[in-house]
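Step one of this worksheet: look at the structure below.
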Amino acid sequence: MHRWLVGGALVAAAWGAQAQGQVNVICSVQAEWCNTMATVYTKTTGVKVNITQKGSGEALAQLNAEKANPKTDLWFGGTGDTHLQAAEMGLTLEYKSPLLKELYPWAVRQAEDSKFRTVGVYLGPLGFGFNKELLAKKKVAAPASWADLIKPEYKGEVQMANPASSGTAYTVIATLVQIMGEDKAFDYLRALNKNISTYTRAGTAPVKAVARGETMVSISFVHDVTTEAVHGFPVDSNTPAEGTGAEIGSMSIVKHGPNTANAKAFYEWALTPGGQQFGLAAKQYQLPSNKNVPKDPRVVDPAKMKLINYDYAKYGASAERRRLISKWEKEVQDSK
């Protein structure tokens, strides 16, 4: 058996039982990660993995749109708040994996908060990406705090995604509300709006723009900045001094999907140490949820930053998400 697929007799038995057919996966991580997982899983099990690439917000919208006749079996990756909303909306299946005992507490808590309708697969802290060459050319210091981003020297030089389509950007809003309180957070977002050059559709687009010298600063998950640095771009990252939130990238089985048995087998495999190595292979540096995944020095270390006690249950609720995004659209985006 392939060395990446060592995951215990129970998981191996599940693969053997399901070594036929297909599984339809919406994947909300980088394409290389998705495609590598799909290729290896298909070669080693015989199950065809059909990948559809979508951001977290778009993935949730698709699952909701097709809930009367689901075409999707499993949703992998993307910010955990959207997975919690899918659970709340009854779109995903309750499933308690025997591998939960191998996962970090934050991943297990995600499962418990959703009544076992989702589970954490990686942790990714929020921070800033910046282009070191552009900063040096313009003699501007790298941002080290939320307060820095609203300084005049960053006018027109900051990018973030649109929270209506991006889980990354929604995490920004929810993080600021928890740090500052809602009124001050929206005052801050209005001030920040004056320095934003564009709101992108996808959460990874701002750091790609920074890497290519199109803007100085992005609000991004720091692992996405590391990926660009590993590819040779002149970028680095900071996490804000006031504190920051983190996404718990999650995985959910779709209720009444066409291939539920195959979805469960894929889910089990994706929680094993072997199944969780593909992010690193694709130069993605989130912290995997299985404690037995070999450590890599480039992977983010939560102990080295000021992480807030992010309330995933509250800010993952669909009503709260809709309310905050609607408020942002009316009070921030429309004021630009």
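The values are calculated or read from the model by the stated rules, or taken from the named source; none is laboratory data. Note that the structure is predicted; figures quoted are calculated from it, not measured. In this analysis, Cβ positions are derived from the backbone assuming ideal geometry, glycine residues included, and neighbour counts consider all displayed protein chains. Note: accessible area is taken over every heavy atom of the protein model, side chains too, but ligands, DNA and RNA are not part of it. Shrake-Rupley method; radii C 1.70, N 1.55, O 1.52, S 1.80 Å.
The condition (being in contact with a helix residue (DSSP H, G or I) (Cβ under 7 Å, 6 or more places away or on another chain), among the hydrophobic types (A, V, I, L, M, F, W, C), under 25 Å from D73 (Cα atoms) and surrounded by 19 or more Cβ atoms within 10 Å (Cβ to Cβ)) is satisfied by just one residue among A265, A317, A211: A265. Identify all residues within the stretch 120-142 that are farther than 30 Å from A107 by Cα and not small (G, A, S); write none if there are none. Within the stretch 120-142, N131, K132, E133, L134, L135, K137, K138, K139, V140 qualify. Among the criteria (1) in contact with a strand residue (DSSP E or B) (Cβ under 8 Å, 6 or more places away or on another chain); (2) closer than 22 Å to G316 by Cβ, the one G57 does not fulfil is (1). Checking each residue in the stretch 63-82 for being at pLDDT 95 or above and either among the hydroxyl-bearing types (S, T, Y) or surrounded by 17 or more Cβ atoms within 10 Å (Cβ to Cβ) (or both) picks out L63, P70, T72, D73, L74, W75, F76, G77.
Can you work out which of the residues in the stretch 168-208 that are without any contact (Cβ under 8 Å) to a residue 24 or more places away in the chain and of a type in the set (D, E, K, R) is most open to solvent (accessible area, probe 1.4 Å)? Out of the qualifying residues, it is K184.
Of the strands (runs of 3 or more DSSP E) lying entirely inside the stretch 179-282, the ones with 1 or more residues being modelled with pLDDT under 95 are found at 217-221, 246-253.
Looking only at the stretch 234-257, residues that are open to solvent by 10 Å² or more (accessible area, probe 1.4 Å) and either free of Cβ contacts under 8 Å to residues at least 24 places away in the same chain or polar (S, T, N, Q) (or both) come to 3 in all.
Tell me, which residue of the stretch 141-170 that is in a helix (DSSP H, G or I) and touching a helix residue (DSSP H, G or I) at 6+ places or on another chain (Cβ under 7 Å) is modelled with the lowest pLDDT? By that ranking, first place goes to G167. Applying the set (1) within 19 Å of the chain's Cα centre (by Cα); (2) over 25 Å from N50 (Cα atoms); (3) exposed (fewer than 15 other Cβ atoms within 10 Å of the Cβ) to V299 leaves exactly one unmet item: (3). Here T175 passes the criteria (1) of a type in the set (S, T, Y); (2) touching a Ser or Thr at 6+ places or on another chain (Cβ under 9 Å); (3) over 19 Å from A246 (Cβ atoms) except the one numbered (3). Of all residues assigned to the stretch 112-127, at least one qualifies as being out of contact with any helix residue (DSSP H, G or I) (no Cβ under 9 Å at 6 or more places or on another chain), within 27 Å of E58 (Cβ to Cβ), surrounded by fewer than 24 Cβ atoms within 10 Å (Cβ to Cβ) and among the acidic types (D, E). Consider E228 carefully, then state whether it is buried (at least 24 other Cβ atoms within 10 Å of the Cβ) and within 30 Å of I150 (Cα to Cα). Answer is yes for this residue.
Between V121, V108, the distinction of being part of a strand (DSSP E or B), of a type in the set (A, V, I, L, M) and either touching a strand residue (DSSP E or B) at 6+ places or on another chain (Cβ under 7 Å) or within 20 Å of Y315 (Cβ to Cβ) (or both) belongs to V121 only.
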